[in-house]
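Below is one structure; the comments refer to it alone.
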Amino acid sequence: MTMWMFDQFLSALDPKAGLVLASLSLATLAVAVAAEGKHVSHRVSEFTLDNGLHVLVIPDHRAPVVTQMVWYKVGAADEPPGASGIAHFLEHLMFKGTDRIATGQFSKTIARNGGEDNAFTNHDVTAYFQRVAKERLPLVMEMEADRMANLRLSEEDVTTERKVILEERRTRVENDPGSILQEQMMAALYSNHPYGIPIIGWEHEIRALEREDAFSFYRRFYAPDNALLVIAGDVEPDEVRKHAEATFGRIKPGGQVNGRVRPKEPSRVAPVKVTLTDPRAGRTTVQRYYLAQSYPSAEPGEAEALDLLMRVAAAGSVSKIYKRLVIEDQIAANAGGWFSDSGLDSGRLGFYAIAAANVTAEALENAIDSVVADLRENGVTQAELDRARASHIAEIVYAADSQARMARHYGWRLATGMTVADVEQWPDRLKRVTVDDLRNVARKYFVDKNSVTGYLLPAPEHTSSIGSAPAHAPGKGKS
């Protein structure tokens, strides 16, 4: 799994859930509120060990398997200046070894015990997970606790893995024009905040990463008081607590995190356009990003409105952009968009369109502008909102059927500062969103000066440019 895919996990739930599920009981995400107003969950239990480790247990007894996830509250946006990629580099190095686990044997031990494991790095979190038979849970808890405190690295380990990551960057970024464009657009969208730095890192900085860079990052951020342990599956809270205290509970708190102090993004004064011409590009493509808030950073109700707005605007073949560009005007082979909603500090709204034959990038951009202007000026209808809301709630219900998805769902939200109550009251908050709310957030966030537009153009020679658009231009793992 590639690390740049993970900021969209929560919006990538199984689309097969039909609208009829919206009428089903939300008992799988039921919320009970005591008389004094305290949230009581019927799905999960949570507790904190003496060393600060936050533990979440999601019982699911339908099969004798468990998913363990350890979420560290650190990601690429927390890297020291000049050391881009160290969060992802350390994620790779965590699979090397400890005094108890020989180099390269971590995943092999999981596999020999019939399980599977992986990891991923995001701008805000780094997570490690295993899926095993329930009787193997004490083993994987012991192994994960061991590498939280006792990572061992040789110079050879670091040199070898650096080469692996440089090859990963060549394969997944430099050989993919779409990834190059995305990287440049993110750098233009975030001129000061570290979200503009690629998670995998800039190549020249990856080449300079050393063993001490990894250990310094590890010692600062990899500690129980900066982590969340999620156990989902055929378990009960009492047995998880017993195993957690016997394994993770032996680790001393870190005490070096000192919070997350990140640069703030300055006010923007003009939209930006990025153009990449590349002979490897198949068809002309136009993308548009807007700065926005996320679920962790937004005012109450605002992220829910943005979420539903982008579902009406850009999710699937019933969306406004698809119907306008693909079905009605027939200028695009495909079109859509998304709401990147999980960032600790901010989010993004995005649109894309892939040109039909003989259609220019300018024509696609004008069509995207038209859709955005309509959303700003006219908003959406009640029927459109109702359909988007029913579909979204159905997906939430359907996701509760997967132990691994629930571990990710709760884990990601809690690791970025939200609570169990925030997660479980989400469907009720979606139900309160009105058409006026959608129109208000459209006018607030579809702002020209807060946008970046990207052109990907097929061409015989590889060139690129970046600069301010004219003032009248529209706005906008372990692998």
(request) Quickly estimate the mean residue ellipticity at 222 nm for the chain, helices only: each DSSP H run with n ≥ 4 gives -39500 (n - 2.57), and the total goes over all residues, rounded to 500. (result) -10500 deg cm²/dmol
(message) With θ taken as phi - 60° and the coefficients 6.51, -1.76 and 1.60, list the Karplus ³J(HN,Hα) couplings across the range 381-398 in order, rounded to whole Hz; mark glycine and proline as x.
(response) 8, 4, 5, 5, 5, 4, 5, 5, 5, 4, 5, 5, 5, 4, 5, 4, 4, 5
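Would you calculate the convex hull of the Cα atoms in the range 322-362 and tell me its volume per residue in Å³?
Residue-normalised Cα hull volume stands at 70 Å³.
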(request) Could you list, in their original order, any pairs among 264/449; 73/163; 134/242; 323/444; 73/252 whose Cα atoms are separated by more than 19 Å? (result) 73/163; 323/444
(message) Per q in 0.13, 0.21 Å⁻¹, report the Debye log10 I(q)/I(0) for the range 305-420, using one uniform scatterer on each alpha carbon and no solvent.
(response) -0.61, -1.14
(request) With an 8 Å cut-off on Cα pairs and a minimum separation of 6 or more residues, tell me the relative contact order of the range 283-393 in percent. (result) 32
(request) Give me the distance between the Cα centres of the range 323-379 and the range 415-464, rounded to whole Å. (result) 13
(message) Could you tell me what a quarter of the Cα convex hull surface of the range 152-309 works out to, in nm² with one decimal place?
(response) 15.1
(request) Over the chain, average the accessible area per residue using a 1.4 Å probe and give it in Å², no decimals. (result) 41
(request) Give me Rg over Rh for the chain, both radii from the alpha carbons and Rh done the Kirkwood way, two decimal places. (result) 0.97
(request) For the range 95-163, build the convex hull from the C-alpha positions and give me its volume per residue in Å³. (result) 104
(message) Kirkwood Rh over alpha-carbon pairs of the range 81-226, then Stokes-Einstein at 25 °C and 0.890 mPa s: what D in µm² s⁻¹, rounded to an integer?
(response) 149
(message) From the phi angles alone, apply the Karplus equation (6.51, -1.76, 1.60; θ = phi - 60°) to the range 179-185 and give each ³J(HN,Hα) in whole Hz, x where the residue is Gly or Pro.
(response) 5, 4, 4, 4, 4, 5, 5
(message) Please report the antiparallel percentage of DSSP beta bridges with both residues in the chain, rounded to the nearest 5.
(response) 80
(message) Can you report the principal axis dimensions of the range 43-150 using only the alpha carbons, biggest first, rounded to whole angstrom?
(response) 47, 33, 25
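The values are calculated or read from the model by the stated rules, or taken from the named source; none is laboratory data. Note that the structure is predicted; figures quoted are calculated from it, not measured. Calculation scope for accessible area: heavy atoms of the full protein, side chains included, ligands and nucleic acids excluded. Shrake-Rupley method; radii C 1.70, N 1.55, O 1.52, S 1.80 Å.
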